[in-house]
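**Student:** Take this structure first; my questions come after.
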Amino acid sequence: MAPIQFGVIMIPFQLTDVAGPLDVLSSSSGPYLRGMGNLDLAEHGIDIEFHYIGEGMDPVIHSAGFKSQPTTTLSACPKLDYLLIGGPEPNYLKTIPPAIASFVCERADEVKTVFTTCTGGIFASVLGLLDGLNATTNHEVMPLARELAPNVKWTTEKNWVVDGKFWTAGGACVGMDMMAHWVIENYGREVAEAGFAALAYEPRDVDGKQVALTRHVSK
């Protein structure tokens, strides 16, 4: 099978919104597991290629002044299977560049799943992608979400929400938990837990409770 084509839209998101979920995916990938000596599991790991998609090729400034470099542009980006939207500051949500907005709307139709973390859920909602759907965002900015996107069925009852192809997570670290559960569902516990062990990470469930791991439990 061809590698998963996984896109990240390069906007000024909070670093953990994107770095956490990507590290969960990367640590559960075949090459990473092989490099960690998990040869039997490596053949069952994720086969994935990441695309960091910018309006241009200029570096993007994220939280804490961190700069990152796109690997492709909106016009050159290949066909995607998945798209991740990290959360920018609230002011950005009111001034999303038209080219980025058009790209995300177009690719949201194309991909199997759109993941959002933190205010990335509001980003998707102001583009109309979540109208009529159940969704969440950073629970601390829920009043803003309801103001900007009143047609979304916003909730704070769960740490993340799945409705159709949209997986929306609350605050930054919850995005990591959400992606961990996606890996478990799609690649099994052994692969997922080997990846978690490499990160010394134990995910929480959708209600915020620690997940009981079978192979790699901290002592």
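**Student:** I need the per residue convex hull volume for the range 16-115, using only the alpha carbons, in cubic angstrom as a whole number.
**Tutor:** Values: hull volume 11.8 nm³, N = 100.
So the per-residue Cα hull volume is 118 Å³.
**Student:** Something else: Between THR168, THR136, THR113, which gets the highest mean-square fluctuation from a Gaussian network model of the chain, Cα cutoff 10 Å?
**Tutor:** Maximum fluctuation in the GNM of the chain, among the listed residues, is at THR113.
**Student:** From the helices alone, meaning DSSP H stretches of at least four residues, give me the mean residue ellipticity at 222 nm for the chain, per-run term -39500 (n - 2.57), in deg cm²/dmol to the nearest 500.
**Tutor:** Working: 9 runs with 81 residues, N = 219.
Mean residue ellipticity at 222 nm (helix-derived): -10500 deg cm²/dmol.
**Student:** Name the trypsin sites (Lys or Arg not before Pro) in the range 1-84 that are in a loop by DSSP and that have at most 13 other C-beta atoms within 10 Å, would you? Can you show the working numbers first?
**Tutor:** Details: sites: ARG34, LYS67, LYS79; in loops: LYS79.
For trypsin sites (Lys or Arg not before Pro) across the range 1-84 that sit outside H, G, I, E and B with at most 13 neighbouring Cβ atoms in 10 Å, the list reads LYS79.
**Student:** If you don't mind, another one. Lysine pairs in the range 74-217 with Cα distance under 27 Å, only those 8 or more apart or on different chains: how many are there?
**Tutor:** 13
**Student:** Turning to a different aspect of this structure: How would you order 14-22, 145-153 from highest to lowest mean count of nearby Cβ atoms within 10 Å? Before the final figure, lay out each step's value.
**Tutor:** On the way: 14-22: 22.6, 145-153: 16.4.
The most tightly packed comes first, giving 14-22, 145-153.
**Student:** Looking at the range 81-128, which trypsin sites (Lys or Arg not before Pro) are DSSP coil and have at most 12 other C-beta atoms within 10 Å of their C-beta? Please report the intermediate quantities before stating the final value.
**Tutor:** Values: sites: LYS94, ARG107, LYS112; in loops: LYS94, LYS112.
Qualifying residues, ordered by number: LYS94, LYS112.
**Student:** Same structure, new question: Could you name the lysines whose alpha carbon sits less than 16 Å from that of LYS67, not counting residues in the same chain fewer than 8 places away?
**Tutor:** LYS67 reaches no qualifying lysines.
**Student:** Assuming a viscosity of 0.692 mPa s and a temperature of 37 °C, what translational diffusion coefficient in µm² per second does Stokes-Einstein assign to the chain, Rh being the Kirkwood radius over Cα pairs? Each step should come with its number before you reach the end.
**Tutor:** Values: Rh = 17.5 Å.
Reported coefficient: 187 µm²/s.
**Student:** Further, regarding this structure: Between rounded, prolate and oblate, where does the range 129-184 land on the alpha carbon gyration tensor, with a ≥ b ≥ c its root eigenvalues, rounded for a/c under 1.5, else prolate if a/b exceeds b/c?
**Tutor:** The shape class here is oblate.
**Student:** Distance in nm between label sites at GLU110 and MET36, each 7 Å beyond Cα in the beta-carbon direction?
**Tutor:** 3.1
**Student:** Mind checking which of TYR92, TYR52, TYR82 has the largest fluctuation in a GNM of the chain, springs on alpha carbons under 10 Å?
**Tutor:** TYR92
**Student:** What accessible area per residue, rounded to a whole number of Å², is obtained for the chain using a probe radius of 1.4 Å? If you can, show how the numbers build up before the last one.
**Tutor:** Values: 10030 Å² over 219 residues.
Result: 46 Å² of accessible area for each residue.
**Student:** How big is the gap, in Å, between the Cα center of the range 26-78 and the Cα center of the range 134-210?
**Tutor:** 20
**Student:** Taking the Cα centre of the range 82-160 as origin, sum charge times position over the Cβ atoms of Lys and Arg (+1) and Asp and Glu (-1), and report the length of that vector in debye to the nearest 20. Could you put the intermediate results ahead of the total?
**Tutor:** Numbers: 6 positive and 8 negative charges, 18 e Å.
My answer is approximately 80 debye.
**Student:** Calculate, for LYS67 and ILE96, the FRET efficiency according to 1/(1 + (r/R0)^6) with r their C-beta to C-beta distance and R0 22 Å; round to the nearest 0.05. Provide the component values of the computation, followed by the final result.
**Tutor:** On the way: r = 20 Å, r/R0 = 0.92.
With R0 = 22 Å, the Cβ-Cβ based efficiency is 0.65.
The values are calculated or read from the model by the stated rules, or taken from the named source; none is laboratory data. Predicted model, so just to flag it, every value in this text is computed and none were measured. Please note: Cβ atoms are built from the backbone with ideal geometry, for glycine as well, and neighbour counts cover all protein chains shown. The accessibility values were calculated without ligands, DNA or RNA, using every heavy atom of the protein model including side chains. Shrake-Rupley method; radii C 1.70, N 1.55, O 1.52, S 1.80 Å.
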